[in-house]
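First up is the structure itself, then whatever we jot down about it.
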Amino acid sequence: MASAGARRLPAGTRAAAQRCCSLPLCRAPPRGPPRPPRPVRYSMQEMFEVVSNVQEYREFVPWCKKSLVVSSRKGHLKAQLEVGFPPVMERYTSAVSVVKPHMVKAVCTDGKLFNHLETIWRFSPGIPAYPRTCTVDFSISFEFRSLLHSQLATIFFDEVVKKNVAAFERRAATKFGPETAIPRELMFHEVHQT
């Protein structure tokens, strides 16, 4: 079996380098302790909408070739996803649970690349006096079936992370306009005070 891992990865500011979106193609061996969640310059509701709208992933998530919601009921949906990151292509069903606007959890139910894949996005209030901010906490846990795939993910991890994080940030900007303007000192201060 390939190595398994569970790791909390921050999301939010552009300065955080080890972030990931909910794609199954990014994982690296731990690189030190996990970073704390970071403030994001969009509201909880806005970030929840971007992350929970799995149907639109094919429109903006790199390497996502297909994202089709096949069933939906309050708080739950199932989606068929096809993700390609040469030389790897994966088709799988994702069972998604949502608690608006606080959490989006996705579990791969029938993937061929993974023994286990789970992502969790948590959204909480951001910087006081800036209601259009939130804190995003992202975690991913998975185990590849193949050692080769584990090694490929390690090699391409940084590139995949950067492209996917940028894609979610651009999508929020496209849907909701520019980020909330916050003085740099306040962002730095608030991050280190929490």
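The values are calculated or read from the model by the stated rules, or taken from the named source; none is laboratory data. Just so it is clear, the model here is predicted, and its values are computed rather than measured. Backbone-built Cβ (ideal geometry, glycine too); neighbour counts: all protein chains shown. These accessible areas exclude ligands, DNA and RNA; they are computed on the full protein's heavy atoms, side chains included. Shrake-Rupley method; radii C 1.70, N 1.55, O 1.52, S 1.80 Å.
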Restricting the stretch 123-169 to residues that are aliphatic (A, V, I, L, M) and surrounded by fewer than 17 Cβ atoms within 10 Å (Cβ to Cβ), the residue that is farthest from the chain's Cα centre (by Cα): Ala129
Residue ID - most open to solvent (accessible area, probe 1.4 Å), chosen from residues in the stretch 82-95 that are at pLDDT below 95 and among the hydrophobic types (A, V, I, L, M, F, W, C): Met89
All positions within the stretch 102-122 that are assigned to a strand (DSSP E or B) and open to solvent by 30 Å² or more (accessible area, probe 1.4 Å): Met103, Lys105, Val107, Asn115, His116, Glu118, Arg122
Condition met for Ala28 (open to solvent by less than 10 Å² (accessible area, probe 1.4 Å), assigned to a loop (DSSP other than H, G, I, E, B) and either touching a Ser or Thr at 6+ places or on another chain (Cβ under 8 Å) or at pLDDT 90 or above (or both)): yes
Selected residue (only one of Lys78, Lys66 is open to solvent by 40 Å² or more (accessible area, probe 1.4 Å), under 18 Å from Asn164 (Cβ atoms) and in a strand (DSSP E or B)): Lys66
